[in-house]
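The values are calculated or read from the model by the stated rules, or taken from the named source; none is laboratory data. Keep in mind that what you see is a predicted model, and the values were worked out from it rather than measured. Quick reminder, even Gly has a Cβ in these numbers, built from the backbone with ideal geometry, and neighbours come from all protein chains shown. Accessible surface areas use protein heavy atoms only, side chains included; no ligands, DNA or RNA. Shrake-Rupley method; radii C 1.70, N 1.55, O 1.52, S 1.80 Å.
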Amino acid sequence: MSVTTYEIIDGIGVIRLNNPPVNALSHALRDGICKAVKKAQKDASKAIVIICEGRTFIAGADITEFGKPPKAPSLPDMLNVIESSNKIVVAAIHGTALGGGFETALTAHYRIALNSAKVGLPEVKLGLLPGAGGTQRTPRLAGIEPALDMITSGNPIAAAKAEKLGLVDCVVEGELLQGAIAYAKSLAADKAQLKRARDIEIKPSKSQALLFERYRAKMAKRARGQKAPQNIIACVEAAIGQDMDAGLKTERELFMELMTGPQSAAMRHMFFAERQGAKVDGLAKDTALRPINKVGIIGAGTMGGGIAMNFANVGIPVTLIEVNQEGLDRGMGIIEKNYAITVSKGKMSEAQKANCLKLIGGSTHYDALADVDLVIEAVFENVDIKKEVFSKLDAVCKPGAILATNTSYQDIDAIAGATSRPADVIGLHFFSPANVMKLLEVVRGSASADDVIATSMAMAKTIRKVPVLAGNCYGFIGNRMLRPYGREAQLCLIEGASPEQIDKVMQGWGMAMGPLAVGDLAGLDIGYKARQGLSAEQKGDPKSYCIADALVEMGRLGQKSGSGYYKYDPATRARHNDPEVMKVVEQQAKAQGIARRAISDEEILERLTYAWINEGAKILEEGIAQRPSDIDVVYCFGYGFPAYRGGPMHYADHIGLDKVYKRICEFAKQHGQANWAPAKLLKQLAKEGKTFAQWAAR
Ligand code: 3H9
């Protein structure tokens, strides 16, 4: 079936595009559009309409073609054909006109859009810039600042706003094809000019230099470490005071620099990884889902409250269960405060807040859960308490209800064993703050039913989370990998580094925060309490926790007590280095018989990141993660890993598994096999000269 068709309707040449699912600009589509526009030049049509079938107008260049040898006609070739048409071309937009799709529309002489449509240039989210004239035509039509906002954020805007900005000429409701044909007919009848954005001139002015400087500084902060936003600003700057072709030349050069660089490769990998993560291998596509119309949550603490908000936000009623009214009132108070913050940021109206709050009810009796479709337990991280909760749920919940635990570490099978229906039990591991963080680890127990897994993955999408399936082991994917990472941070500290050196290395490399600052944020007492329940053998080498224990025993619990690895200003929470901490570090090193030494930034980076990679490889060997890219999704969406490095496993592929493996073997020699025995899978792939991505595609 052809992806393009052409016919004359009512005197207008209509080019229809049909390249499901999102009409991406594949080679066939580009070729079809060129041929149809050329054909229309010679026939009896009075004007041309480009319109799409399916759910959306063109959603961009075909990302799957990136990195492959280009095939003519290229996108710029196709746009030349449209722009130089001697008959008016109208782009008729529904759904989302994105990236190269919106650039196609901008090259047409007029744009008509359905009121429900959105337009945008999201390339920055793929580490790219609009490389088909978007950086040149947008500022010409909408002005420099709106163009900078739109292209550096990558966020789409509604048709009405686009019309106000001059990016769309006409917004309509109802049937788009009819509207577009009528519009094209009226333009032809009025002998309207062939409006080409390239003919608009942006005159230089003195204030522009300051504006660009402001955007450069803003982007250096907001998109720390990323190249694309800076290249975008340079391109928009090139739209000023010179003709369009000169600007297009700059755009092409800076686009190619990004396209061939590692950041965009990582972000494109993440685009597909996120979508792949939602798929469960071996599960029939037509697995019937269980309806989720009512949800119960056990525990109205920070976590339970945050989870409740996710459901209320999409209109699903929630019942919170607490041991007493006081606990419930406290929980509701936190939820209200969180919504108030969202309202103050302009992300929600007072009316929306009121609607959400109406959907969240509370009770101190489990009986209130008799008719819920899903219960999520979010009580204290103790397996015995959780088992008790599940045996109560087993007694009150209706048959077929999904019983989920939000545990971060505990054994799902042990918890499921406390019920008479282990097939209905699953782990739903939300990340804190649960109303903000996108990741959801769905943890399958050995008995979890297929439809319970499928329903959980679909439910995650409903509440706008990014799901990843994990197997059942201590810490699942994310927290299991965090242990060796945290261990190496502690060992680097006791062996010679300072907290600020470690955090500076990791944050400078791209992490949202360094590991010790994260510890202070989460509270050092959490790990301390968890360690109290472990045997000496389970706790591991005292060198990897003695500093943390000493700090907690001094009352330094992290941010909440005003000090931890750092000191915090009580008013501003600003972080300061604290010489007292270095005294503790030195005392502990002495007690452990360690002669502290200078540790290089490179060693810190390698030990912390390679610790992740080695554990990630073991997780793959054991089948705990379905694929390497799932681990990348967990880290980028749940742990502040920089998307422009593509997650730990993609990063490992980028460095080369051979190099990673050799360095891990060196660490094993220096620091012992107990911490650094290389994963079998890593060894195998290093020997075969393969990547994790190649292994996944086997
Ligand atoms: C660009 O245009 C560069 C130019 O400036 C210059 C060039 C010279 N290509 O997200 P969904 C697939 S860069 C190929 O689940 P939704 C996607 O992988 C591009 N495939 O649906 C998935 O496949 P599968 C700028 C694509 O309804 C399926 O379509 N454009 C592309 O939730 C459904 O996707 C963008 O960055 C593509 N461009 O959301 C827009 N897009 O079923 C990227 C999607 O096998 N796309 N697929 O898993 C999106 O943001 C969303 O897909 C969209 C629909 C909002 C359109």
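Scanning region 463-518 for residues that are open to solvent by 30 Å² or more (accessible area, probe 1.4 Å), in contact (Cβ under 8 Å) with a residue 12 or more places away in the chain and of a type in the set (S, T, N, Q) yields 472, 501.
Counting only helices (runs of 4 or more DSSP H) wholly contained in region 639-698, the ones carrying 2 or more residues that are among the basic types (Lys, Arg) occupy 657-671, 680-688. Listed by position, the helices (runs of 4 or more DSSP H) contained in region 1-119 that have at least 3 residues being more than 16 Å from the ligand (Cβ to nearest atom) and surrounded by 21 or more Cβ atoms within 10 Å (Cβ to Cβ) are 27-42.
When residues in region 448-485 are screened for being out of contact with any helix residue (DSSP H, G or I) (no Cβ under 6 Å at 6 or more places or on another chain), part of a helix (DSSP H, G or I) and either modelled with pLDDT under 95 or not β-branched (Val, Ile, Thr) (or both), 13 of them pass.
With respect to the conditions (1) modelled with pLDDT under 95; (2) assigned to a helix (DSSP H, G or I); (3) among the polar types (S, T, N, Q), residue 572 lacks only one, and its number is (2). Restricting 152, 138 to those that are crowded, with 24+ Cβ neighbours inside 10 Å and in a helix (DSSP H, G or I) reduces the list to 138. Go through the residues of region 374-383 one by one and say whether even a single one is of a type in the set (Asp, Glu) and touching a Ser or Thr at 6+ places or on another chain (Cβ under 7 Å). There is at least one residue in region 374-383 that is of a type in the set (Asp, Glu) and touching a Ser or Thr at 6+ places or on another chain (Cβ under 7 Å). Of all residues in region 155-176, those that are buried (at least 21 other Cβ atoms within 10 Å of the Cβ) and either modelled with pLDDT under 95 or among the small types (Gly, Ala, Ser) (or both) total 2.
Out of 616, 562, one residue alone is touching a strand residue (DSSP E or B) at 6+ places or on another chain (Cβ under 9 Å), open to solvent by 20 Å² or more (accessible area, probe 1.4 Å) and not β-branched (Val, Ile, Thr). It is 562.
If you go through region 59-84 and keep only what is closer than 21 Å to residue 138 by Cβ, in contact (Cβ under 8 Å) with a residue 12 or more places away in the chain and among the small types (Gly, Ala, Ser), you end up with 59, 60, 61, 74. Looking across 144, 181, one residue alone is farther than 30 Å from residue 44 by Cα, at pLDDT 95 or above, hydrophobic (A, V, I, L, M, F, W, C) and open to solvent by 10 Å² or more (accessible area, probe 1.4 Å). It is 144. Contact annotation: residue pairs with Cβ atoms under 6 Å, 6 or more positions apart or on different chains, pairing a residue in region 211-232 that is modelled with pLDDT of 95 or more with a partner that is open to solvent by 60 Å² or more (accessible area, probe 1.4 Å), are 212/237.
Output the residue which, of all residues in region 524-563 that are of a type in the set (A, V, I, L, M) and out of contact with any helix residue (DSSP H, G or I) (no Cβ under 7 Å at 6 or more places or on another chain), is farthest from residue 482 (Cα to Cα). This residue is 554.
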